Amino acid sequence: MAARTLSYLSLTLTTVTAIIYSSDITQKGYEKKRSKLIGAFLPQAPGKGKYPSNQNNICDTRSSNMSILLCVADVHTEAVQAALAKQKERGKMAVPMPSKRRSLVVQSSMDAYTPPDTSSGSEGEGSMQGEGTPTSSQGSINMENWISRAIHGSTTSSTTSSSSTQSGGSGAASRLADVMGQTHLENHSAPPDVTSYTTDSIQVERPQGSTTTSRSTPKYGNAELMETGDGVPVGGRVSAKIQQLVNTLKRPKRPPLREFFVDDFEELLEVQQPDPNQPKAEGAQMLALRGEQLGVVTNWPLSLEAALQRWGTISPKAPCLTTMDTNGKPLYILTYGKLWTRSIKVAYNILHKLGSKQEPMLRPGDRVALVFPNNDPAAFMVAFYGCLLAEVVPVPIEVPLTRKDAGSQQIGFLLGSCGVTVALTSDACHKGLPKSPTGEIPQFKGWPKLMWFVTESKHLSKPPRDWFPHIKDANNETAYIEYKTCKDGSVLGVTVMRIALLTHCQTLTQSCGYTEAETIVNVLDFKKDVGLWHGILTSVMNMMHVISIPYSLMKVNPLSWIQKVCQYKAKVACVKSRDMHWALVAHRDQRDINLSSLRMLVVADGANPWSISSCDAFLNVFQSKGLKPEVICPCASSPEALTVAIRRPTDDSNQTPGRGVLSMQGLSHGVIRVDSEEKLSVLTLQDVGTVMPGALMCVVKPDGVPQLCKTDEIGELCVGSIATGTSYYGLSGMTKNTFEVFPMNSVGALISEYPFTRTGLLGFVGPGGLCFIAGKMDGLMVVGGRRHNADDIVATALAVEPMKFVYRGRWIAVFSISVLHDERIVVVAEQRPDSTEEDSFQWMSRVLQAIDGIHQVGVYCLALVPSNTLPKTPLGGIHLSETKQLFLEGSLHPCNVLMCPHTCVTNLPKPRQKQPEIGPASVMVGNLVSGKRIAQASGRDLGQMEDNDQARKFLFLSEVLQWRAQTTPDHVLYTLLNCRGTIASSLTCVQLHKRAEKIATMLAERGHLQDGDHVALVYPPGIDLIAAFYGCLYAGCVPITVRPPHPQNIATTLPTVKMIVEVSRSACMMTTAVICKLLRSKEASAAVDVRTWPPVLDTDDLPKKKPPLLYKPSNPDTLAYLDFSVSTTGMLAGVKMSHTATSAFCRSIKLQCELYPSREVAICLDPYCGLGFVLWCLCSVYSGHQSILIPPSELEVNPALWLLAVSQYKVRDTFCSYSVMELCTKGLGLQTESLKSRGLDLSRVRTCVVVAEERPRIALTQSFSKLFKDLGLHPRAVSTSFGCRVNLAICLQLEHQPWHVVILQGTSGPDPTTVYVDMRALRHDRVRLVERGSPHSLPLMESGKILPGVRIIIANPETKGPLGDSHLGEIWVCSGHNASGYFTVYGDEALQSDHFTSRLSFGDTQTIWARTGYLGFLRRTQLTDASGERHDALYVVGALDEAMELRGMRYHPIDIETSVIRTHKSITECAVFTWTNLLVVVVELDGSEQEALDLVPLVTNVVLEEHYLIVGVVVVVDIGVIPINSRGEKQRMHLRDGFLADQLDPIYVAYNM
């Protein structure tokens, strides 16, 4: 590992640059896009650097104050810049930039797409030196040069030739093998690759010493392909990016991963082991800390209402509250006299004017909502004190602006649980609420029905002279309820009793030294928290004058609060650190500022880690304006414990505030370490003062029982005081855990008989009893056993050039999501509208490095969203839980996403090591393997079956046709339907015979063909194809059926036709006049070289005479026809079918399906290969039944055609493909009623067989059965078949259950042919049956009944030994209708002979088997067949050559694809494949392109959770891009080639780090 690290670090900068500067994947119709990822990291010329060094950061105080803010104050910024510089020394993290369609790109200026200017690079940095930035006209030429250099390696530069060539070309295979340690699956069942017919080969530069070999590769469309060392064709742009990604992933992870793995069914996830070197708490156990005595002053009022009464009557003219308009002018002055009289008026009206005298709506103790805007504190204050006087409980909430406000629904739940029926509001607010057309206020989502009551005096009745509110001493009744939003978005109501309210005001008065008639400027939200406690409650107790600054004014003039301090010579100001920051940014050397009057600046969020930089910077700038250092007083508070601690204002300017410079590493383990070797990763904290008067404080462990922490341990602060909240309203269980905590010492003894309240704050008590807050419980994220605080991560992200790319502070959200049994960090930021794609992406990569360097934790996902799109709280911050919810739902719509699962996810199971197989001697005992029955089964024996099959006496199908033409000349064999459902044409026995004779004559006379010549039949599905086939047999030629080219898509379909014609060595082609014309068209000439076609015969023009003699083969083992098809892996393979095999095949199907001349069968299949061809062309001639032929292409015009035909002809048996079934399910889903009214009746259908060469698609068959159940389709009628290249039909059609059995079992009972297996066990090639619905369960449906004359055994694909029952292995088949081998151009069949002539390595070593290349298992069921034998069910799991071996385990693409499709409603289809050991997931998006980036995290999450795999690349494409063959199977290898050749035109490509 060390050597590999060194080799990685030794890459020169130019190599990294060459890897990084790759073009965009999306080029169709767009300019090429440039990536300047590491331009910022290149060594800068002195003085020209983009990011100044720390030496330049020390600015003169006389220079601009803005510089002081950015350069001196922010310690954290310096640490971040240093961390980034350190990362730079260590080697770049080459993050491949994602690719976007132009329509998704926010900024499209040309400069974003030109190659970067490298003129500032160091000497000898490569051949680009001195070129500078090319103009746009030459940009494209240079870019091609860049790309080729990135892939081939530049040989022009002496400094890069050795390392550059390592980044591309043929070195890839060996290097990539290092990365994941993937072991290649030995592929025993891949047919020969006959697609590689000659094209112009492309030379790839090789490293010196290797020989340059030219190999021909096919072209995918018109793209020129290159290949890597392992022979995979690649397109330059994509491969360079993936190569770059792979190189980046080679960097060692930190910390080094301890992996273990037990080779059992359960895949054990890595459990984070405690690091033996991690710091541990060593201090003594802390003692509870007691605050100073609460000295009750003699003239303190006995309740807050009493205080209001006193000041309202003694000093009615004294100003209580001044409100400001948006210009900063005083809008209204509320005096204590007005507050007192108006509060009485409100109290009287809510008690006596709501409801009737007998039934008032509100009684004392009821809850009332207070809904007031942030610019109207006077109306709020009057309503709040009115409620206190009326003894009803106010619940202040935010104004609902729309019906869909972030968090509004949860507020509604709180109001409902509190039983709120009345909402007090102001006149202006009431007018501004959303209204229905009738003028009523609609009920907000989740809210109870409310009566809205306006509290303005002009709307209220005057109370009678004799009415007076009863003013009591403070007691244990509830005074008010403050709402609190939890981490998960739920809203709780914290109840505060009247005694607690009064005591809290007293503690604040004593701590802050408040005196009568002081002026206080309040910028905070007056409805809750510090703003409410100081600006509404404590101020009235002390007859103070509050100057309230609304948020709307702060947005217009951030300096307004400082101006008001100067104007009113205010003694106290209550602010947040963001208000200080905004004032710094805006102050611009204003001369008339004087802050000498301030004796206390309360910083409400002083407990936040980033507040210290705002405090320091503010002091630096405003100390010269009279601000004294001791004035800044940070405080810590929480809704549950109210004010927890506050720094006291002192007169002693020499007394320095407490500072803690703590090791971030230590904090993540929950311990305090002041000194840190890693000077970069430290957190500087300021103290928040001492414990409140009359309170006890202790620090307890955050998890488990509330045990006291040690003195050097971080824990949750708990407060024991009267002045705290008492409960969460209506939630007794949560209340007990928070408000009734009894801390205990190490021996388990309680430290106090009185309960404590948890504050939700994490911190410790330092020397001198100073409290330090390190974070909040709500922001705590435990990643890999280490604790990180969301606020710390935000502070680090902000320190990376925040002003340039994202908005400051409020617009960065950090939260964690649970993926694969651990928390993963997600960072979401709002992107400035003027930042370019590349700037933003560069900022993202720097944030990743900064967080990694400082916190030693990886960010799982970093997303940028357009400005002003994140859900906001009423005062403008991000609504965190709502943002998280949108992210998890896939509704966030980011404009940039960077996922880093490779660096974050360190708890994956260790790659599996294959166990040595048990030797044969110890396992074989008769028919048992390791104590289990050998997994073998067979269909009925053909030899012993007695039936009156007249066709058995003929060896050849051609003879059967002649016999039928003589004995039953007018019996109809074939009926072809058109899209209207009417008969297009039909064939009787004699018509087919005569037509075939004429075609045989034509072949002899016009084609001059010999016996055994190959003839390509290029026909649309129909009667002509059948006649041509038998014409070939009559002439002694070997037919090959070929799908004709699609007239609308000649460019891609004609090359396949040509390939099959050439590969099959066809001597001539037969087709219709229409297709003849198509083959000679201009479009055809553009697609292929038409001059090289063999002779083309038009069968629409047949000779009149019949042949002198029909050909009869001498040997039944000679070739009857060739069956060509393209496999799902893109391999074209032709198999040879002899006359013997063909006859045996037809007989087997006849017996299995009980086919007789009186029967009719409906076939909706493509007739070009496999079982589809046999059913379409051969079976009717052999069995004599009538085949109703329905071309699948006609269903595109009329989706109901097939089912209407089945109903009309009263068919009992029908065959279709999955694509037909899917078309019917999607196309007819809403039409079942209209079809029923048209008389569609499927009740006569005995079997509907899906013909496929894959695992049964159980979800599709079930939805089809369910959909058409109402039209009479029996639930058990649908079954599947299974065939493959070596044997075109192994299983077919389950025997139908007798009706009485079905009734006994009941249609709701479980289908006996479906089992549920553990998907994790399948990855280890094992079968483990589980219950339906259990985790990781996968339903598998039996593939049909084994055909007569077929024997099956399950063998180990590597050792070729037999396996036991219910063991997963390769399906081997022995049958009379096996194909006799592959037909290859080269005649080299030695390699593939193994597929058709394999023998077991032990046990029955004599039988010759054919290997299907499919994994599956046999299971003996409880069902019995007609002979009384127990039924053996065959379950097909998937193809070996499609399976992906990742991390030593075998994955089937369909399982991953099923998981992905489930994740989001907009994903319509999915396909996965691997390239250079990276898993690539392609999803089709049915929705707006803005949703494309939402899918990237969801896809990555689900594949990790369900399959323990990390997705390397996520590609989002349009609907219909994933290629599908005629059988409805995905062509994943075609898709891969198209992706690598840059032909998919993706909407978005994300490269996961």
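Give the residue, chosen from L1479, L1440, that is under 27 Å from Q244 (Cα atoms) and either modelled with pLDDT of 95 or more or not charged (D, E, K, R) (or both).
L1479 is the lone residue from the list that is under 27 Å from Q244 (Cα atoms) and either modelled with pLDDT of 95 or more or not charged (D, E, K, R) (or both).
For segment 1473-1492, how many residues are out of contact with any Phe, Trp or Tyr (no Cβ under 6 Å at 6 or more places or on another chain), under 24 Å from P894 (Cα atoms) and not small (G, A, S)?
Total meeting the criteria: 10.
Given the conditions (1) modelled with pLDDT under 90; (2) under 16 Å from A1205 (Cβ atoms), which single one is not true for R1285?
The single condition R1285 does not satisfy is (2).
Return yes when L370 is under 25 Å from F413 (Cα atoms), in contact with a strand residue (DSSP E or B) (Cβ under 7 Å, 6 or more places away or on another chain) and either open to solvent by less than 10 Å² (accessible area, probe 1.4 Å) or not β-branched (V, I, T) (or both) and no when it is not.
yes
Since I350 meets every condition but one in (1) open to solvent by 10 Å² or more (accessible area, probe 1.4 Å); (2) within 22 Å of Q443 (Cβ to Cβ); (3) in a helix (DSSP H, G or I); (4) among the hydrophobic types (A, V, I, L, M, F, W, C), which condition does it not meet?
Against the list (1) open to solvent by 10 Å² or more (accessible area, probe 1.4 Å); (2) within 22 Å of Q443 (Cβ to Cβ); (3) in a helix (DSSP H, G or I); (4) among the hydrophobic types (A, V, I, L, M, F, W, C), I350 comes up short only on (1).
Given the structure, is E1484 modelled with pLDDT of 90 or more and under 12 Å from V1460 (Cα atoms)?
Against the criterion (modelled with pLDDT of 90 or more and under 12 Å from V1460 (Cα atoms)), E1484 qualifies.
For every residue, the table says whether it meets (1) on the phi > 0 side of the Ramachandran plot; (2) part of a loop (DSSP other than H, G, I, E, B); (3) open to solvent by less than 30 Å² (accessible area, probe 1.4 Å).
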position: V602; (1), (2), (3): no, no, yes
position: S614; (1), (2), (3): no, no, yes
position: L627; (1), (2), (3): no, yes, yes
position: A645; (1), (2), (3): no, no, yes
position: P649; (1), (2), (3): no, yes, no
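Would you check which residues across segment 1079-1089 are open to solvent by less than 40 Å² (accessible area, probe 1.4 Å), farther than 28 Å from G1012 by Cβ and assigned to a helix (DSSP H, G or I) and list them?
A1084, A1087
If I ask for residues that are open to solvent by 60 Å² or more (accessible area, probe 1.4 Å), of a type in the set (D, E, K, R) and modelled with pLDDT under 85, which ones from segment 1378-1403 would you list?
Listed by number, the residues that qualify are D1388, E1389.
Could you list, ordered by first residue, the pairs with Cβ atoms under 6 Å in which the first is in segment 284-302 and more than 17 Å from L501 (Cβ to Cβ) and the second is assigned to a loop (DSSP other than H, G, I, E, B) and among the hydroxyl-bearing types (S, T, Y), at least 6 apart or interchain?
Going by the 6 Å Cβ cut-off, the qualifying pairs are A284/T711; Q285/S746; M286/T711.
Conditions: (1) surrounded by fewer than 21 Cβ atoms within 10 Å (Cβ to Cβ); (2) at pLDDT 85 or above; (3) more than 42 Å from the chain's Cα centre (by Cα). M1070 meets all but one. Number of the miss?
(1)
Does A1433 satisfy the criteria of being within 30 Å of L1260 (Cα to Cα) and modelled with pLDDT under 90?
So A1433 fits the description; yes.
Looking at the structure I just gave you, is A1027 open to solvent by less than 10 Å² (accessible area, probe 1.4 Å), modelled with pLDDT of 90 or more and not hydroxyl-bearing (S, T, Y)?
Against the criterion (open to solvent by less than 10 Å² (accessible area, probe 1.4 Å), modelled with pLDDT of 90 or more and not hydroxyl-bearing (S, T, Y)), A1027 qualifies.
Give just the number: which of (1) at pLDDT below 50; (2) loosely packed, with under 12 Cβ neighbours inside 10 Å does G943 not satisfy?
(1)
If a residue counts only when it is over 25 Å from I1510 (Cα atoms) and at pLDDT 90 or above, which strands (runs of 3 or more DSSP E) contained entirely in segment 758-865 have at least 3 such residues?
771-776
Taking the options L401, L389, name whichever one is out of contact with any strand residue (DSSP E or B) (no Cβ under 8 Å at 6 or more places or on another chain), of a type in the set (A, V, I, L, M, F, W, C) and either assigned to a strand (DSSP E or B) or more than 15 Å from K445 (Cβ to Cβ) (or both).
Every option except L389 fails the conditions.
What tally of residues in segment 704-744 results from selecting those that are more than 23 Å from S668 (Cα to Cα), outside any strand (DSSP E or B) and open to solvent by 40 Å² or more (accessible area, probe 1.4 Å)?
12
In segment 979-986, is there at least one residue being more than 56 Å from the chain's Cα centre (by Cα), surrounded by fewer than 22 Cβ atoms within 10 Å (Cβ to Cβ) and within 18 Å of P1157 (Cβ to Cβ)?
no
Under 6 Å between Cβ atoms, at least 6 apart or on separate chains: pull out the pairs that start in segment 314-337 with a residue that is acidic (D, E) and end on any residue that is part of a strand (DSSP E or B) and open to solvent by 70 Å² or more (accessible area, probe 1.4 Å).
D325/L331
Going residue by residue through segment 1119-1128, is there one that turns out to be modelled with pLDDT of 85 or more and of a type in the set (V, I, T)?
No: segment 1119-1128 contains no residue that is modelled with pLDDT of 85 or more and of a type in the set (V, I, T).
I need a count of the residues in segment 443-460 that are modelled with pLDDT under 90, in a loop (DSSP other than H, G, I, E, B) and loosely packed, with under 14 Cβ neighbours inside 10 Å.
2
Of the conditions (1) under 21 Å from I344 (Cβ atoms); (2) open to solvent by 30 Å² or more (accessible area, probe 1.4 Å), L388 satisfies every one except a single condition; which number is it?
The failed condition is (2).
Can you tell me which residues in segment 770-803 are closer than 24 Å to E740 by Cα and either of a type in the set (A, V, I, L, M, F, W, C) or surrounded by fewer than 24 Cβ atoms within 10 Å (Cβ to Cβ) (or both)?
C771, F772, I773, A774, K776, M777, D778, G779, L780
Quick test of your reading of the structure: F887 fulfils all but one of (1) part of a loop (DSSP other than H, G, I, E, B); (2) under 19 Å from Y1548 (Cβ atoms). Name the failing condition by number.
Condition not satisfied by F887: (1).
Which residues, counting only those in segment 1094-1110, are surrounded by 15 or more Cβ atoms within 10 Å (Cβ to Cβ) and among the hydrophobic types (A, V, I, L, M, F, W, C)?
V1096, L1097, L1102, L1110
Output the number of residues of segment 1322-1355 satisfying the condition of being open to solvent by 20 Å² or more (accessible area, probe 1.4 Å) and of a type in the set (G, A, S).
Count: 4.
The values are calculated or read from the model by the stated rules, or taken from the named source; none is laboratory data. Only a predicted model underlies this, so the values are computations on that prediction, with no experimental measurement involved. Quick reminder, even Gly has a Cβ in these numbers, built from the backbone with ideal geometry, and neighbours come from all protein chains shown. Note: accessible area is taken over every heavy atom of the protein model, side chains too, but ligands, DNA and RNA are not part of it. Shrake-Rupley method; radii C 1.70, N 1.55, O 1.52, S 1.80 Å.
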